[in-house]
Amino acid sequence: MARRALITGITGQDGSYLAEHLLNEGYQVWGLIRGQANPRKLRVSRLASELSFVDGDLMDQSSLVSAVETVQPEEVYNLGAISFVPMSWQQPELVTEINGMGVLRMLEAIRMVSGLHHSRNGGTQIRFYQASSSEMFGKAFETPQRESTPFHPRSPYGVAKAYGHFITKNYRESFGMYAVSGMLFNHESPRRGAEFVTRKISLAVARIKQGYQDKLHLGNLDAVRDWGFAGDYVRAMHLMLQQPECGDYVIGTGQMHSVRDAVRIAFTHVGLNWEDHVVVDPALVRPAEVEVLCADPAVAKNQLGWEPTVDFPQLMQMMVDCDLLQVTREREYADLMPASGW
Ligand code: NAP
Ligand code: GDD
């Protein structure tokens, strides 16, 4: 019988790639869907028509218990979160509820459905993956960051993710649950939300190239990240849950690039000079910035046999190429629409 996986956050970037990967691996894949008539459900159903869905919300404990009971999964991937860091200064309580307490609620749902009551009695068949983040390293104590690097989160988002990380570890130690925290560095793709810097750049480059936009407003061009391709990172999530012993893993490429590098690569790819178009807007600089993040993925490489397949220039170029096509399609569609009324 096919193994069953339950994914929270299936409508997001990572959820869509993970669903496709698990379907290819022969899983029966269920996605947790929140809200009434969530429009993103349609998009992910088009990507993978064999998906099943169950209603639920990380804010609602009983909905998670019911989802785990309905699906009876062997593996749960908790990717659901508010993932845009600046939103965590605007709505810190909501972000803490979903990204922090939401992890506890999902662990509790698994514990209740599995009947785990006593300390370290183990025995649950449900394996749990928590989508932790390099944002937990924040103002990093060392570079590159590895599994043992202490945390110094710089945003309410990072603080909530640190709670999620530690509560995952605690349920492993308290109840013998197979619970893994994947500390993933930034990963991008053509499916990345338009609010994140790489996609903001690739969309703007496509629009500027086609004459629909002239300027791109950005914040801190000196911020440095370790950016990889999301399709590679979901393979690592799955590998983490296939190990004989569970642990926590850092996933990244080990390569550092600045936002300025990202801009330069993207504009150069279409034959434009970035300095003619990029405007630095101090309003986009964050209250507390994470200046430099870079992974040491040695443990993942040695224990999981995981390696990235797409480097940063290839990633930016892939995103720009997809957005050139998307912008063309959008304009063709707009030209077909009447100028007013419907
Ligand atoms: P994303 O595209 O923003 O997707 C977030 C997902 O969370 C969406 O499917 C959203 O569903 C869901 N969600 C939001 N609030 C929820 C709630 N109350 N209950 C249930 N689901 C909820 O994010 P992503 O890039 O795929 O990232 C996936 C996870 O990895 C997140 O936890 C993120 O924090 C973490 N992470 C990401 C990166 C990265 O670079 N991408 C790096 C490290 C960690 P709706 O359709 O209902 O809004
Ligand atoms: N979004 C955005 N928009 N970021 C900008 C801009 C801009 O106009 N200008 C400069 N930046 C800088 C940010 O200040 C930050 O240092 C860097 O670009 C990356 O920003 P994002 O792409 O928004 O990603 P993030 O690093 O804050 O967070 C992402 O990665 C985390 C893992 O490290 C998200 O995916 C998080 O959910 C994830 O946990």
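The values are calculated or read from the model by the stated rules, or taken from the named source; none is laboratory data. Worth saying up front: this structure is predicted, and the values here are computed from it rather than measured. Cβ: placed from backbone, ideal geometry, glycine included. Neighbour counts: every protein chain shown.
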Subset of the stretch 135-182 that is of a type in the set (A, V, I, L, M, F, W, C) and free of Cβ contacts under 8 Å to residues at least 40 places away in the same chain - its residue that is nearest to Met112 (Cα to Cα):
Phe166
When the stretch 293-322 is examined, which residues are found to be under 23 Å from Ala204 (Cβ atoms), outside any loop (DSSP other than H, G, I, E, B), in contact with a helix residue (DSSP H, G or I) (Cβ under 7 Å, 6 or more places away or on another chain) and touching a residue at least 60 places away in the same chain (Cβ under 8 Å)?
Met316, Met319, Val320
Of the conditions (1) among the aromatic types (Phe, Trp, Tyr); (2) out of contact with any helix residue (DSSP H, G or I) (no Cβ under 9 Å at 6 or more places or on another chain); (3) assigned by TED's automatic domain parsing to the domain that holds His269, Phe166 fails just one. Which one is it?
(3)
Meets criteria (in a helix (DSSP H, G or I), crowded, with 19+ Cβ neighbours inside 10 Å and in the same structural domain as Gln213 (by TED's automatic domain parsing)) for Met237:
no
Does the stretch 14-27 hold any residues that are crowded, with 18+ Cβ neighbours inside 10 Å and polar (S, T, N, Q), and which are they?
Ser16
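With surrounded by 13 or more Cβ atoms within 10 Å (Cβ to Cβ), under 25 Å from Met1 (Cα atoms), in the same structural domain as Tyr233 (by TED's automatic domain parsing) and not charged (D, E, K, R) as the only criterion, which of Leu58, Leu51 stands out? Talk me through it step by step, then tell me what you get.
Details: Leu58 fails: under 25 Å from Met1 (Cα atoms).
Testing whether each residue is surrounded by 13 or more Cβ atoms within 10 Å (Cβ to Cβ), under 25 Å from Met1 (Cα atoms), in the same structural domain as Tyr233 (by TED's automatic domain parsing) and not charged (D, E, K, R) leaves just Leu51.
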In the stretch 49-64, how many residues are at pLDDT 95 or above and more than 14 Å from ligand 1 (Cβ to nearest atom)?
2
Out of the stretch 76-117, which residues are more than 12 Å from ligand 1 (Cβ to nearest atom), outside any helix (DSSP H, G or I), without any contact (Cβ under 8 Å) to a residue 12 or more places away in the chain and farther than 26 Å from Gln28 by Cα?
His117
Could you pull out the residue among Arg40, Arg34, Arg111 that is crowded, with 17+ Cβ neighbours inside 10 Å, among the basic types (Lys, Arg) and either within 16 Å of ligand 2 (Cβ to nearest atom) or farther than 29 Å from Arg154 by Cα (or both)?
Arg111
Against the condition among the acidic types (Asp, Glu) and assigned to a helix (DSSP H, G or I), how does Glu195 come out, does it pass?
no
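Please go through the stretch 198-216 and pick out each residue that is of a type in the set (A, V, I, L, M, F, W, C), within 12 Å of ligand 2 (Cβ to nearest atom) and in contact with a helix residue (DSSP H, G or I) (Cβ under 6 Å, 6 or more places away or on another chain). Before you say what the answer is, go through the steps one by one.
Step one: list which residues in the stretch 198-216 are of a type in the set (A, V, I, L, M, F, W, C), which gives 201, 203-206, 208, 216.
Subset that is within 12 Å of ligand 2 (Cβ to nearest atom): 201, 203-204, 216.
Across the stretch 198-216, the qualifying residues are Ile201, Leu203, Leu216.
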